[in-house]
Each structure stands twice: as structure tokens, then as C-alpha cells.
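Encoded as C-alpha cells, the structure appears first; notes follow it.
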Amino acid sequence: MSPQPSPFGTSASSAPPPTRPARRSGPSETSTAAAYEALDSTHRAAQLMLQAFAGLLAHLDDQGLDPRAEQAAAEVLAFFDGPAAHHHRDEEALVFPGLLAGGDAMLVQHVQSLQQDHGWIEEDWRLLKPQLEAIVAGYNWYDLAMLREAVPVFAALYQDHIALEEQVVYPAAKALRGHAGD
């Protein structure tokens with residue numbers, strides 16, 4: 001069965017599904033590379049899901065609640081409840097500890113900022129999730145005005161968070177792991 005496109009033109013199924021990093025007793029270069037590829041894959045999927053979330057809001061504005069909206073809401077809900085949540089836990093276990101212990105004050109500050117972001121993302125998600133659950137279930141009690149205000153904030157936080165990880169923190173963590181084997 002071929003993957004179905006999302007009703008709003010973006011689909012996580014068009015990208016490889018994100019996978020969690022493998023948990024092994026001793027990290028090798030190969031397992032570390034695979035773990036970072038899985039983290040990067042989840043970032044790509046998050047970008048697609050944020051676009052789908054924005055598309056859902058536009059659809060609700062134009063068409064209202066219908067099966068397409070329910071399907072899109074289910075995809076967004078499943079991603080942010082599943083792979084996205086696991087992704088943050090994996091970063092906390094794989095990426096952050098070495099940097100926090102490394103003694104570079106700027107990197108420690110960046111990691112602490114990302115950890116704080118994880119809390120804020122979770123807090124924002126707790127507000128957004130019931131709205132999506134209502135849409136998925138076909139209920140009309142969701143608050144479109146709240147979603148219009150909250151989704152751009154959620155998306156901006158996610159975008160900034162991903163940028164800091166990919167541009168600063170992941171490269172530093174990879175370099176640290178590379179030197180750990182010396």
C-alpha cells in the first residue's frame with residue numbers, strides 16, 4: 001500500500017519515518033552516526049508536521065471541521081505525542097550529558113536553554129493536544145481563535161529550538177563523542 005498524501009500537501013509519510021536512536025551498551029561511531037541521523041530525521045518530520053498544523057488551521061478557517069481536518073489533526077497528534085516526545089527524551093540521554101559535563105560555559109548555556117525549551121514545548125503541547133483530540137473526534141468545541149494564536153508560538157519555538165540544536169549543539173556533541181574515543 002503506497003503512502004497517502006496528507007490532505008494539506010505535507011506528509012510525514014513522504015519522508016522516511018523517524019526512528020529512535022538505538023540503545024547500546026557502548027556507543028560506536030556507527031551507532032552514534034545512526035542515532036544522530038534518527039534525531040535529524042525527526043527534525044525533518046517535525047518541520048513537515050508544523051506545516052501540516054498550519055495547513056490544518058487554514059483548512060478549518062476555509063472549510064470547517066470535516067474528515068480531511070480530522071485526518072490531518074490525527075497525523076499531527078500522533079507525531080507530537082509519539083516521535084517528537086521520544087525525540088526530546090533521546091536528546092536528554094544522548095546529546096546533552098556530555099556537553100553539560102564538558103565545561104564549555106557557552107555550550108552548557110545552550111543545552112540548558114534547550115532543556116528549558118523541552119519544558120515549554122511540552123507545556124504548549126498540553127494546551128494544543130485537547131484541541132486536536134476534539135478535531136480528531138469530530139467535535140466542534142475546539143477553539144480556533146486559541147489555535148490561531150498558539151500554533152505560531154509553538155511553531156516558532158520548535159523552529160528556533162531545532163536551529164540551535166542543528167547549528168551549534170549537535171556538531172559540538174558529535175565532536176565531543178569523536179574525541180572521547182581518542
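Read-outs: derived from the displayed coordinates by stated rules, not from any lab. For clarity, every value in this text was computed on a predicted model and none was experimentally measured. Here the Cβ positions follow ideal geometry from the backbone for every residue, glycine too, while neighbour counts run over all protein chains shown.
Length available on full extension from A78 to A175: 0.36 nm per residue minus the Cα-Cα distance, which gives 31.6 nm.
Each label point was placed 7 Å from the Cα along the Cα-to-Cβ direction; for Q51 and S113 their separation is 2.6 nm.
Other residues whose C-beta falls under 14 angstrom from the C-beta of A137 contribute a net charge of -2, scoring Lys and Arg +1 and Asp and Glu -1.
Could you point to the residue in L57, A105, G178 farthest towards the positive end of region 29-180's charge dipole, with +1 and -1 charges on the Cβ of Lys/Arg and Asp/Glu respectively? Working it through, the farthest residue towards the positive pole turns out to be G178.
The length gained by stretching the chain between A150 and A163 to full extension, at 0.36 nm per residue less their Cα-Cα distance, is 2.7 nm. When only the Cβ of Lys, Arg, Asp and Glu is charged (+1, +1, -1, -1), the dipole of region 29-180 relative to its Cα centre reaches about 200 debye. 3J(HN,Hα) along region 131-141, derived from phi through the Karplus expression 6.51 cos²θ - 1.76 cosθ + 1.60 where θ = phi - 60°, amounts to 5, 5, 4, 5, 5, 4, 7, x, 7, 8, 8 Hz, with x in place of Gly and Pro. Of the residues D143, D117, the one with the fewest other Cβ atoms within 10 Å heads the list, and the complete ranking is D143, D117.
So if each residue of separation counts as 0.36 nm, and I subtract the Cα-Cα distance between Q63 and L127, what length gain in nm does that give?
On the way: separation 64, 0.36 × 64 = 23.04 nm, distance 2.33 nm.
Result for the pair: 20.7 nm of gain on full extension.
What's the local net charge at L107, with K and R +1, D and E -1, over the other residues with C-beta under 13 Å away? It works out to a net charge of -1. Among residues other than W120 with Cβ under 14 Å from its Cβ, the summed charge is -4 (Lys and Arg +1, Asp and Glu -1).
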